[in-house]
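See below for the structure under consideration.
Nothing in this text is a laboratory measurement; each read-out follows from the coordinates by a stated rule. Everything numeric in this text was worked out from a predicted model, so none of it was measured. Cβ sites come from the backbone with ideal geometry, for glycine too, and all protein chains shown count toward neighbours.
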Amino acid sequence: MKNYTDLPYVREFVRLCDIGDRQGFHERNGGNLSYHLSDAEIRASRPLLRGRRPGPWTDVDPKGDVAVPSLGGHWFLVTGSGKFFRNVSWDTEASVALCELDESGAHYRVLWGLRDGGRPTSEFSSHLMNHEVKFRASGGAMRVIYHAHPASLIAMTYVVPLTDRAFTRALWNTMTECPVIFPEGIGVVKWMVPGGREVAVATSKLMERYNNVVWAHHGLFCAADTFDNAMGQMETIEKAARIVMMILSSGRKPLTGITSEGFLAIGKMYGGKIPRRFL
Ligand code: 2HA
Ligand code: ZN
């Protein structure tokens with residue numbers, strides 16, 4: 001193996017960006033992706049970075065407000081701020097950044113990527129705070145955080161009450177697969193200014209409970225163990241949202257739907273824990 005971009009986790013990262021672009025989830029520079037490297041992946045990466053000088057240590061949050069001490073020293077591959085998903089496979093080295101955190105978890109330096117300058121995604125704070133929660137909650141299994149702007153889900157945030165319960169019930173009810181794929185439900189964050197600490201704190205709090213969190217009038221954050229599952233969640237939730245919007249647009253009152261007993265039975269059959277508060 002000769003190039004950093006040949007590493008399997010880099011190839012999967014790039015592939016997700018291409019799929020997301022084809023799905024129309026990433027107008028212009030919309031959306032962002034991050035991957036938390038395992039120790040084995042760090043070991044596999046080091047020899048391919050030889051001869052490169054790391055960039056300067058920089059605050060994770062431009063205001064210096066964010067630190068993830070439990071992830072001190074960890075490495076993350078992330079999309080760059082202002083970079084287009086469409087260009088990640090075309091020019092990977094200019095579009096993404098391999099970042100190392102310092103021991104305080106408040107500063108990063110770029111080890112590879114951002115060849116023409118720039119910084120990691122404007123949502124780096126949200127990504128890292130979500131990684132911190134998910135790493136702890138999953139015993140290290142959850143390593144992918146993916147944010148996109150899927151249209152039907154955004155539309156839904158204008159006509160469905162902005163509560164975890166209303167979104168969970170509406171999405172579960174569209175397709176039997178939904179409570180199989182996200183039995184824990186889905187969280188909702190009210191509209192906030194993106195890119196800052198406030199939205200990062202609100203999202204990471206919900207990530208304690210959920211793997212998917214809606215940002216009202218903006219998009220969705222997914223946390224997963226694999227790139228396939230991250231994209232699978234994004235696509236499933238967007239498809240369900242499209243069905244919600246089709247039903248609402250039909251102007252007809254639904255004649256039927258899945259009952260609370262039905263959701264419970266799905267949980268039992270497929271091993272998902274359906275929270276009582278959603279029944
Ligand atoms: O690309 O998606 O949330 C930027 C964003 C901000
Ligand atoms: Zn966004």
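Here is how the numbers come out for the structure above:
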quantity	calculated
Theoretical ellipticity at 222 nm over the chain - DSSP helices of four or more residues, -39500 (n - 2.57) apiece, nearest 500	-11500 deg cm²/dmol
Shape call, the stretch 80-154: gyration tensor on alpha carbons, a/c limit 1.5	oblate
Charge tally in the Cβ shell below 15 Å around Val213, where Lys, Arg are +1 and Asp, Glu are -1, Val213 excluded	-2
Span from the the stretch 194-208 Cα centroid across to the the stretch 86-128 one, whole angstrom	19 Å
Sorted by Cβ density within 10 Å, fewest first, the residues Val88, Val180	Val180, Val88
J(HN,Hα) series, the stretch 109-115, from Karplus relation 6.51 cos²θ - 1.76 cosθ + 1.60, nearest Hz, glycine and proline x	9, 8, 9, 7, x, 6, 4
Calculated from backbone phi, Karplus (6.51, -1.76, 1.60) coupling profile of the stretch 73-86 in Hz, x at Gly/Pro	x, 7, 10, 9, 9, 9, 6, x, 5, x, 8, 9, 3, 4
Alpha carbon convex hull of the chain, projected area averaged over orientations, nm²	14.8 nm²
Under 16 Å from the Asp91 label point (7 Å along Cα→beta-carbon), backbone N, the stretch 1-28	28
Contour excess over end-to-end distance, with Cα ends at Lys63 and Tyr270 and 0.36 nm allotted per residue	70.1 nm
Environment charge at Asp6 (Cβ cut-off 14 Å; Lys +1, Arg +1, Asp -1, Glu -1)	0
Estimated FRET transfer efficiency when R0 is 25 angstrom, pair Arg50-Arg11 (beta carbons, to 0.05)	0.80
Cα shape, the stretch 116-166, gyration tensor, a/c 1.5 rule	oblate
Degrees, to the nearest 10: 260-270 long Cα axis against longest axis of the chain	50 degrees
Exposed chymotrypsin sites (Phe, Trp or Tyr not before Pro) absent - longest run of the chain, DSSP non-H/G/I/E/B, at most 15 other C-beta within 10 Å	91-190
Crossing angle, helix 124-137 versus the chain [Cα axis fit, 0-90 degrees, rounded to tens]	70 degrees
Projected area averaged over orientations for the stretch 104-237, convex hull of C-alpha atoms, nm²	8.8 nm²
Cα gyration tensor, the stretch 202-279 - rounded (a/c under 1.5), prolate or oblate	oblate
Label-zone membership for the stretch 144-167, site Ser249, 7 angstrom Cα→C-beta point, backbone N under 12 Å	151-153, 155-156
Within-10-Å neighbourhood charge of Leu111 [Cβ basis; K, R +1; D, E -1]	+3
The chain: relative contact order as a whole-number percent, Cα under 8 Å and 6+ apart	19 percent
Simple label model, 7 Å out from Cα along Cβ direction - Thr163 to Ser104, nm	4.2 nm
Over 28 Å between alpha carbons, listed pairs Lys134/Lys253; Lys134/Lys190; Lys2/Lys134; Lys2/Lys239	Lys134/Lys253; Lys2/Lys134; Lys2/Lys239
Residue-wise HN-Hα coupling along the stretch 207-220, computed from phi with Karplus coefficients 6.51, -1.76, 1.60 (Hz; x: Gly, Pro)	5, 4, 9, 10, 9, 9, 10, 7, 9, 3, 6, 9, x, 9
Amide H contacts under 5 Å for Val66, placed H, 5+ residues apart	Asp61
Low-density loop positions, trypsin sites (Lys or Arg not before Pro), the stretch 212-279 - DSSP coil, at most 11 other Cβ in 10 Å	Arg252, Lys273
Per-q log10 I(q)/I(0), the stretch 7-117, q = 0.12 Å⁻¹ (Debye; single scatterer per alpha-carbon; no solvent)	-0.42
Tilt relative to the chain, helix 8-22 - C-alpha long axis, 0 to 90 degrees, to 10	50 degrees
